[in-house]
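The structure under discussion appears below in the form of structure tokens.
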Amino acid sequence: MKILIVNTIPFDLNGMSTVIFNYFKYMERQNIEFHFLVNDYIDKNLKSEIIRMGGSIHLMHNRNKKPWIYISQLRHLAKKEKFDIVHVHGNSATMEFEMLAFKGLSTKKIVHVHGVNTQHPLVHRILYPMFKNSYDVAFAASSQAGEWLIKNRPFTIINNGIDVKRFLFDEKARKRIRELLNIDDERPVVLHVGAFSEQKNHDFLIRTFEKFHQTTPTALLILIGKGKNISVIKEYCRTHGLLDSVRFLGERNNTEDFYSAADLFLFPSKFEPFGIVTLEAQCSGLPVIASDVLPKEVNITSNVSFLALSEGYESWANVISKRLSESHSNRLQKTFYQIFEDKGYSIVKNAQQMKKYYFELAKD
């Protein structure tokens, strides 16, 4: 069986791309030939891993800037490769671009919605009447995502699973990271993992931490990620005397160690398709404070506090203080592995279920 996976955003270390890569990585890939259609850019490490595991990569022009060229190129590829299934990951009716490329072909078409909004509302409204009748199967990362795009038509919820064993709390990793960064074991550490983009809302994050830091001057904020807004945040820290209390660590491939080293996870996104990093943080036993734009399904361990951004920096800072004052000595004792397994968020099981869906659809 030959499957084309389409990522409608750049294939970077973002949430949706991580989910796409994880399903491929953890799936038993016998009798499946995987191809990946990349929109404009792919991270070099992800590219090498996909190729190492037997996948093929097709890099296309930016679909949003030149959609008709993109559709033409994709249709040429579709006719050449004769895929059994095309699985398109996106957030809006712009997935109709891919549906048009495969129109009239025997390929089964899956649309997989991850978010609950779009950055292209006008195009979304124009394309929606065509989109709603052009696919064969619809998947959604959450009930909210499905209701947003698929509406009252049938869809199947596909949980965004994680490698549970990888993200369980590790006392040795906590000591190692804290020693490496010269952090006293009693020093409270707040963590954020995400690109420095408008979506992740680092401006709100740093101002919230500043309020918290005024009452807890020993606190440390660790920021993992890169992006165009990083210089602005660094300058704010410099002019507000926070450089000694904020660590900019860039991208890391061992984020699980930093979850273990931290005491709280802060995630004030302006919008968020799902927020898989909040699952990773919970798996490590961290209390999570997140904006209320996230789907409530992310609250796997009942350890997430949802706040509206309109509540302001001081309210958020007060909740940080409250959550850090709670006892978190149960990070080792709680059976987080079993919780994630029971609630269907283990990527190992989810990947095998996805494989089953593929074969059933191809058979039909």
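The values are calculated or read from the model by the stated rules, or taken from the named source; none is laboratory data. Remember, it's a predicted structure, so these values are computed and weren't measured experimentally. Cβ placement follows ideal geometry from the backbone for every residue including glycine, while neighbour counts extend to all protein chains displayed. SASA here: full protein model, heavy atoms, side chains in, ligands and nucleic acids out. Shrake-Rupley method; radii C 1.70, N 1.55, O 1.52, S 1.80 Å.
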Exercise. When the stretch 196-251 is examined, which residues are found to be open to solvent by 10 Å² or more (accessible area, probe 1.4 Å) and in a strand (DSSP E or B)?
Worked result: 247, 248
Exercise. Filter the stretch 9-68 for residues that are among the aromatic types (Phe, Trp, Tyr) and over 21 Å from residue 85 (Cα atoms); which is modelled with the highest pLDDT?
Worked result: 68
Exercise. Which of (1) open to solvent by less than 50 Å² (accessible area, probe 1.4 Å); (2) at pLDDT below 95 is the odd one out, the single condition residue 269 does not satisfy?
Worked result: (2)
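Among the candidates 14, 31, 45, 22, which residue alone is under 21 Å from the mean Cα position of the chain (by Cα), more than 22 Å from residue 123 (Cα to Cα) and surrounded by fewer than 14 Cβ atoms within 10 Å (Cβ to Cβ)? Show your work before the answer.
Values: 14 fails: surrounded by fewer than 14 Cβ atoms within 10 Å (Cβ to Cβ); 31 fails: under 21 Å from the mean Cα position of the chain (by Cα); 22 fails: surrounded by fewer than 14 Cβ atoms within 10 Å (Cβ to Cβ).
The conditions single out 45.
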For this session: Could you tell me whether any residue of the stretch 49-57 is in a loop (DSSP other than H, G, I, E, B), open to solvent by 20 Å² or more (accessible area, probe 1.4 Å) and farther than 29 Å from residue 116 by Cβ?
Result: yes
For this session: For residue 321, indicate whether it is in contact (Cβ under 8 Å) with a residue 12 or more places away in the chain, closer than 28 Å to residue 174 by Cα and under 18 Å from the mean Cα position of the chain (by Cα).
Result: no
Exercise. Does any residue of the stretch 298-305 turn out to be at pLDDT below 95 and within 23 Å of residue 203 (Cβ to Cβ)?
Worked result: yes
Problem set entry | Residues being free of Cβ contacts under 8 Å to residues at least 60 places away in the same chain and in contact with an Asp or Glu (Cβ under 8 Å, 6 or more places away or on another chain) - total across the stretch 26-36 | 1
For this session: For residue 83, work out the one condition from (1) over 22 Å from residue 25 (Cβ atoms); (2) assigned to a loop (DSSP other than H, G, I, E, B) it doesn't fulfil.
Result: (1)
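On the given criteria, is residue 145 open to solvent by less than 70 Å² (accessible area, probe 1.4 Å), part of a helix (DSSP H, G or I) and at pLDDT 95 or above? Break it down stepwise before answering.
On the way: open to solvent by less than 70 Å² (accessible area, probe 1.4 Å): yes; part of a helix (DSSP H, G or I): yes; at pLDDT 95 or above: no.
Spelling it out, it is not the case that residue 145 is open to solvent by less than 70 Å² (accessible area, probe 1.4 Å), part of a helix (DSSP H, G or I) and at pLDDT 95 or above.
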For this session: Please identify the pairs in which a residue from the stretch 257-284 that is within 18 Å of residue 166 (Cα to Cα) and hydroxyl-bearing (Ser, Thr, Tyr) has its Cβ atom under 8 Å from the Cβ atom of a residue that is open to solvent by 10 Å² or more (accessible area, probe 1.4 Å) and assigned to a strand (DSSP E or B), counting only partners at least 6 apart or on another chain.
Result: 278/304
Problem set entry | Search result, residues across the stretch 89-130 that are surrounded by fewer than 17 Cβ atoms within 10 Å (Cβ to Cβ) and in a loop (DSSP other than H, G, I, E, B) | 103, 104, 105, 106, 117, 119, 120
For this session: State which residue pairs qualify: first residue within 15 Å of residue 324 (Cβ to Cβ) and inside the stretch 204-215, second residue open to solvent by less than 10 Å² (accessible area, probe 1.4 Å) and modelled with pLDDT under 95 in any location, beta carbons under 9 Å apart, and separation of 6 or more residues or different chains.
Result: none
For this session: Counting only residues that are over 30 Å from residue 83 (Cβ atoms), give me the helices (runs of 4 or more DSSP H) lying completely in the stretch 261-364 with at least 3 of them.
Result: 276-283, 312-325, 336-342
